[in-house]
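> Okay, here's the structure, questions in a sec.
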Amino acid sequence: MGSPMYSFHNQNNILYLKLFFILLFMGCIPDRTTNLPSNQLLATPTISPPSLNLTSALETLSLDGYFTFKNNHHAAKDFGNTFQSLPLAVLHPKSVSDISSTIKLIFELGSASDVTVAARGHGHSLQGQAQAHGGLVINMESLKAQQMQVHIGEQPYVDVSGGELWINILHETLKHGLSPKSWTDYLHLTVGGTLSYAGISGQAFRHGPQINNVYQLEVVTGQGEVITCSENNSPDLFYGVLGGLGQFGIITQARISLEPAPKMVKWIRVLYSDFSSFSKDQEFLISSENSFDYIEGFVIINRTGLLNNWRSSFNPKDPMQASKFNSDGRTLYCLEMAKYFNPNETDVMDQRTESLLLLLHYIPSTLFLSEVSYVEFLDRVHLSELKLRTKGLWEVPHPWMNLLIPKSKIHDFADEIFGNILTDNINGPILMYPVNKTKWNNNTSLVTPDEDVFYLVAFLSSAVPSSKGTDGLDQILIQNRRILEFCDRAQLGIKQYLPYYRTQQEWKAHFGPRWQAFIQRKSSYDPLAILAPGQRIFQKAIPIL
């Protein structure tokens, strides 16, 4: 699909000629190659010109798009807003060959050059993962202009650019009565970005994450090769790239699985005061055959007037009882559910919903319901974004932390975190819901706890600039460290989702027995460690210990 495989040798010849004339003009043609120790991961370079003017070399490339060398500060920041690394240049590609040619040029510079390459989607990384200090950032959204192709049949799918936003895919596929199966809570993210991690939301218990719903990928490796891969064609690269943190290649196209799309959603929220009942009901629902289509939950600490806030979007089942409910500063747990339906199925949907609710153990007076369109439900977070932007509260530091907790340890985790460490409401939601691992493909690079059921717990704090209080960046980071230290001390067997570590030893511990397979894939597809330097897993020209 998409661009054909390029001839590596032909491209090499062209690059050699370009580099030769640049070096000749500068009077610094090298007459040596650099040999690396045999125990290093990194490949021996073919050219290592120490004084090569990279800007001039980039300008010689024949591109459909273009480079910018100035005013690139937007590429030096991300949604996390705590890391800033200015690149040398930003590539705005209009074709896959733009990306391939650029990476091939960097690869030909060899390990004597410290230039690296980062793919940047919509800029929603949290700790600078899409940044490349002094290197090249590829603006993947420049590829969005490629037309989406929706294929209808027994197994419908859509072919999309790696820089396409999920919200745009939703609107395009709905024209055919179809939509992707699995989502993230926020749809203004690129395909390549979420597939490099996993893509998890309240549908994951049924369909698995987004990386489980991909038929095929087109990938540009760290050597500049363009490879189309799937479970039957180059499966090692296919599964490696899915959840691979951008380490093995840049996703330039993806073939996404589709299903018939509903038109409406019954959206429900209920509250629990007891964590045990809350978790048991969640686990019951994700294991039931005829359950809801979306199941999430969140933790509410020391909040008042909660149900009144819900009334702007939800209606209480019993308004009189709801008006008498008082949270009394307690820690409460909200179960959020959704049932998809079409207008002619309303009666059947209501009966199924009522039957499921009768089996749950929530506080009766806290049952709130709403009916919204499918698009409105899936794009619900965007409305909050628009409100925060008007108040200047969107582009603030976001020291988020996402953890995957084994089911067997979730009570130990909740008792300590919500009983001792977090005693007051944080400045942002705390998500908590289980997923069923049997729906997930274990061949991908994603690392999860060693149990069939585990919980996603996400602390989505926003820091108030210049604050020295509990809502300040420093205090939130201290709080995050306390949570991680407890998990380590109690040996809960957690894994970080959207992981962030500072040392390779920490990454090695994160991957555990899968570490050797990970570095082998790195050696095969990005031997010079050019790609995704912001993950801080590998450093260019540094051997793996």
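The values are calculated or read from the model by the stated rules, or taken from the named source; none is laboratory data. All values derive from a computational prediction rather than experimental measurement. Backbone-built Cβ (ideal geometry, glycine too); neighbour counts: all protein chains shown. Keep in mind that these areas ignore ligands, DNA and RNA; they rest on the heavy atoms of the full protein, side chains included. Shrake-Rupley method; radii C 1.70, N 1.55, O 1.52, S 1.80 Å.
> Between Asp185 and Leu358, what is 0.36 nm times their sequence separation minus the Cα-Cα distance? Round to one decimal in nm. Kindly include the intermediate steps, with their values, before the conclusion.
Values: separation 173, 0.36 × 173 = 62.28 nm, distance 2.71 nm.
Length gained, Asp185 through Leu358: 59.6 nm.
> For Asn232 and Asp328 in the same chain, what is the full-extension length gain: residue separation times 0.36 nm, less their Cα-Cα distance, in nm? List each step's numbers first, then the result.
On the way: separation 96, 0.36 × 96 = 34.56 nm, distance 5.71 nm.
Length difference between fully extended and current span is 28.9 nm.
> Thr346 to Ile300: extension gain in nm, 0.36 nm per residue of separation minus the Cα-Cα distance? Can you show the working numbers first?
Working: separation 46, 0.36 × 46 = 16.56 nm, distance 3.15 nm.
Going from the current span to full extension adds 13.4 nm.
> Then there's this: Give the cross-link partners of Lys508 among the lysines, using a straight C-alpha distance below 24 Å as the criterion and excluding same-chain residues fewer than 8 apart.
Lys407, Lys409, Lys437, Lys495, Lys522, Lys540
> While we're on this one: Using Cα positions and a limit of under 21 Å, work out the lysines in reach of Lys70, with same-chain residues fewer than 8 apart set aside.
Straight-line reach from Lys70, under 21 Å: Lys94.
> How high is the FRET efficiency between Thr82 and Asn441 when r is their beta carbon distance and R₀ equals 41 Å, given to the nearest 0.05? Before the final figure, lay out the partial values.
Values: r = 32 Å, r/R0 = 0.79.
So the FRET efficiency works out to roughly 0.80.
> Would you mind pulling out the separation of the Cα centroids of segment 173-251 and segment 327-341, in Å?
Centre-to-centre distance over Cα atoms comes out at 30 Å.
> Modelled label-to-label distance, Arg514 and Asn309, 7 Å Cα→beta-carbon offset: nm?
3.5
> Trypsin sites (Lys or Arg not before Pro) within segment 354-413: which are DSSP loop residues with at most 14 other Cβ atoms inside 10 Å? List each step's numbers first, then the result.
Numbers: sites: Arg380, Lys387, Arg389, Lys391, Lys407, Lys409; in loops: Lys391.
Hits after loop and neighbour filter: Lys391.
> How far apart, in nm, are two points set 7 Å out from the Cα along the Cα-to-Cβ line at Met320 and at Arg481?
So the label points at Met320 and Arg481 sit 5.5 nm apart.
> So if R0 is 30 Å, what FRET efficiency would Ser467 and Arg502 give, r being the distance between their Cβ atoms, rounded to the nearest 0.05?
On the way: r = 25 Å, r/R0 = 0.83.
Taking R0 as 30 Å, the efficiency between Ser467 and Arg502 is 0.75.
> Can you give the helix-only mean residue ellipticity at 222 nm for the chain, where every DSSP H stretch with n ≥ 4 adds -39500 (n - 2.57) and the sum goes over all residues, rounded to the nearest 500 deg cm²/dmol? Before the final figure, lay out each step's value.
Values: 17 runs with 159 residues, N = 545.
Value at 222 nm, helices only, nearest 500: -8500 deg cm²/dmol.
> Separate question: Mind listing which GluC sites (Glu not before Pro) in segment 155-238 are in a DSSP loop and have 15 or fewer other Cβ atoms within 10 Å? Could you put the intermediate results ahead of the total?
Working: sites: Glu164, Glu172, Glu218, Glu225, Glu231; in loops: Glu164, Glu225, Glu231.
The qualifying sites are Glu231.
> Would you please classify the overall shape of segment 393-545 from the alpha carbon gyration tensor, given that a ≥ b ≥ c denote the square roots of the eigenvalues, rounded means a/c under 1.5, and beyond that prolate means a/b larger than b/c while oblate covers the rest? All intermediate terms of the calculation are to be shown ahead of the outcome.
Details: a/c = 2.15, a/b = 1.34, b/c = 1.60.
Judged from the Cα gyration tensor, segment 393-545 comes out oblate (a/c at least 1.5, b/c at or above a/b).
> For segment 47-112, which trypsin sites (Lys or Arg not before Pro) are in a loop by DSSP, counting at most 13 other Cβ atoms within 10 Å? Before the final figure, lay out the partial values.
Details: sites: Lys70, Lys77, Lys94, Lys104; in loops: Lys70, Lys77, Lys94.
For trypsin sites (Lys or Arg not before Pro) across segment 47-112 that sit outside H, G, I, E and B with at most 13 neighbouring Cβ atoms in 10 Å, the list reads Lys70.
> For Tyr197, Tyr66, what's the largest-to-smallest order of accessible area, 1.4 Å probe? Don't skip to the end; give the middle numbers.
On the way: Tyr197 40, Tyr66 115 Å².
Ranking Tyr197, Tyr66 by accessible area, largest first, yields Tyr66, Tyr197.
> Straight-line reach only, C-alpha to C-alpha below 22 angstrom: list the lysines that Lys468 could link to, leaving out same-chain residues fewer than 8 apart.
Filter leaves Lys391.
> Any idea what angle helix 275-287 forms with the longest principal axis of the chain, computed on alpha-carbon atoms, 0 to 90 degrees, nearest 10?
Approximately 70 degrees, to the nearest ten.
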